[in-house]
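As structure tokens, the structure follows; a few thoughts come after it.
Each reported figure results from applying straightforward, stated rules to the coordinates on display, with no laboratory input. Only a predicted model underlies this, so the values are computations on that prediction, with no experimental measurement involved. Here the Cβ positions follow ideal geometry from the backbone for every residue, glycine too, while neighbour counts run over all protein chains shown.
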Amino acid sequence: MPGPLLNTLRGENLAQRPIWLMRQAGRYLPEYRALRAEKGGFLALVYDAAAAAEVSLQPIRRFGFDGAILFSDILIVPYAMGQDLQFLIGEGPALSPRLVDTALSSLQAIPERLAPIYKTVARVKAELGPQQTLLGFAGSPWTIATYMVAGEGSRDQHEARAMAYRDPLAFQAIIDAIVGVTVDYLSGQIDAGAEAVQLFDSWAGTLAPAEFARWVIAPNAAIVTALKARHPTVPVIGFPKGAGEKLPAYARETGVDAIGLDETIDPLWAAAALPPGLPVQGNLDPLLLLAGGAELERQAHAVLEAFADRPHIFNLGHGIGQFTPIAHVEQLLGVVRDWRK
Ligand code: 1CP
């Protein structure tokens with residue numbers, strides 16, 4: 001029997017809402033920090049399948065969330081496409097050579113960098129109970145391209161946005177290459193046991209409307225179409241962070257099975273504006289989870305009430321922050337578990 005998270009993704013409107021939190025495996029957990037220190041770095045942790053599976057399971061053991069997410073990173077795809085990848089303490093990820101000054105064609109793909117991730121998926125799957133759903137994930141092409149082009153994260157993604165205007169054909173080739181690898185990568189995760197997958201488009205919010213259609217909607221639609229051909233029953237969650245008023249078009253045109261909403265979206269607006277019956281996921285402000293207290297409870301209820309008439313998975317609007325107190329996560333779980341439609 002599939003668990004409540006998977007059933008919700010398949011369109012059931014359950015009286016009790018399933019819950020998981022983006023970035024639920026990570027630095028706010030002391031058991032994560034201990035294992036990361038023992039393995040000596042983030043990539044070492046990701047490529048140790050036993051340790052990475054343990055990290056995926058840590059938040060399930062502690063909190064009993066309805067879903068576990070594979071422990072890996074969206075930047076494993078550029079790494080497999082031949083860029084070097086480092087996670088520098090306090091500075092974030094660094095990729096080289098950067099595609100702002102090196103042609104995509106000069107990269108030598110290293111697909112073996114994906115296979116160890118499937119081992120993690122299989123290990124997590126073997127440990128989960130039948131009611132707990134295993135989520136695979138990848139970055140969406142636009143968000144991945146912003147890192148591949150600039151070689152690092154940025155506030156406004158200007159290198160990639162400028163390249164897309166200056167040389168749309170070269171940029172399209174980068175996007176198409178990412179689409180191809182991502183389809184294989186998600187397919188591999190599904191074959192290894194992932195029951196649903198999420199596409200993270202963390203930087204979708206900085207694009208002008210026509211660019212959003214070309215670099216967010218079109219490549220995500222291509223991924224969904226290709227995945228559906230191979231795995232027709234596996235739900236795909238799209239999370240176009242910052243998409244705002246473009247969400248209804250994204251929902252209609254990508255073919256995703258569910259939409260992740262960030263915290264800037266008014267749940268009442270989304271409940272009315274998105275296609276009826278489409279499952280939604282979100283969208284409490286992660287900073288409310290940091291702050292805790294009565295306001296956390298009030299706003300969690302507001303999210304639950306707003307989505308009462310459609311399938312809804314409770315989540316944050318973005319990843320859980322590293323300084324979030326564990327007691328606040330427990331408080332939120334109590335609120336969501338006690339609520340009935
Ligand atoms: O030092 C550490 O321990 C590294 C911190 C960390 C973690 C815990 C990074 C580096 N990645 C991850 C894991 C991760 N990343 C997961 C699996 C764990 C889980 O969700 O429980 C997932 C789904 C991601 C996805 C991810 N990585 C995104 C999309 C989601 C989002 O938060 O917007 C992005 C943009 C990244 C890139 C990345 N990886 C790591 C950092 C610090 C960043 C952000 C860099 C930047 O700000 O530009």
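Observations on the model:
- Hz values of 3J(HN,Hα) by residue in region 201-213 - Karplus curve (6.51, -1.76, 1.60), Gly and Pro given as x: 10, 5, 10, 5, x, 9, 8, 5, x, 5, 5, 4, 4
- Other-chain or far-sequence residues with amide H under 5 Å of residue 71's (modelled H): 56
- Over region 240-340, the reciprocal of the mean inverse Cα-Cα separation, the Kirkwood hydrodynamic radius, stands at 13.9 Å.
- The alpha-carbon atoms of region 130-212 define a convex hull whose volume equals 106 cubic angstrom per residue.
- Residue 167-residue 253 FRET efficiency (beta carbon distance; Förster radius 22 Å; 0.05 resolution): 0.30
- Sequence-distant residues sharing a close amide H with residue 200 (under 5 Å, placed H): 138, 139, 140
- Flagged links, alpha-carbon separation over 26 Å, of 39/125; 119/241; 119/246: 119/241; 119/246
- Computed helical MRE - 222 nm, the chain, DSSP H runs ≥ 4 contributing -39500 (n - 2.57), nearest 500: -14000 deg cm²/dmol
- Placing +1 on the Cβ of every Lys and Arg and -1 on the Cβ of every Asp and Glu, with no other charges, gives region 4-264 a dipole of roughly 380 debye about its Cα centre.
- Cut-off under 5 Å, modelled amide H: who pairs with residue 283 long-range: 315
- Whole-angstrom gap from region 303-329 to region 45-120, using each part's C-alpha centre: 25
- For q = 0.12, 0.13 Å⁻¹, Debye-computed log10 I/I(0) when each Cα of the chain counts as one equal scatterer: -0.82, -0.98
- Computed over the chain, relative contact order equals 21 percent, with contacts defined as Cα pairs under 8 Å that lie 6+ residues apart.
- If the segment from residue 88 to residue 233 were pulled out straight at 0.36 nm per residue, it would be longer than the present Cα-Cα gap by 48.3 nm.
- Projected label distance in nm at residue 98 and residue 13, using a 7 Å step from Cα toward the beta-carbon: 4.8
- Formal net charge of residues neighbouring residue 200 (Cβ-Cβ distance under 14 Å; K, R +1; D, E -1): -1
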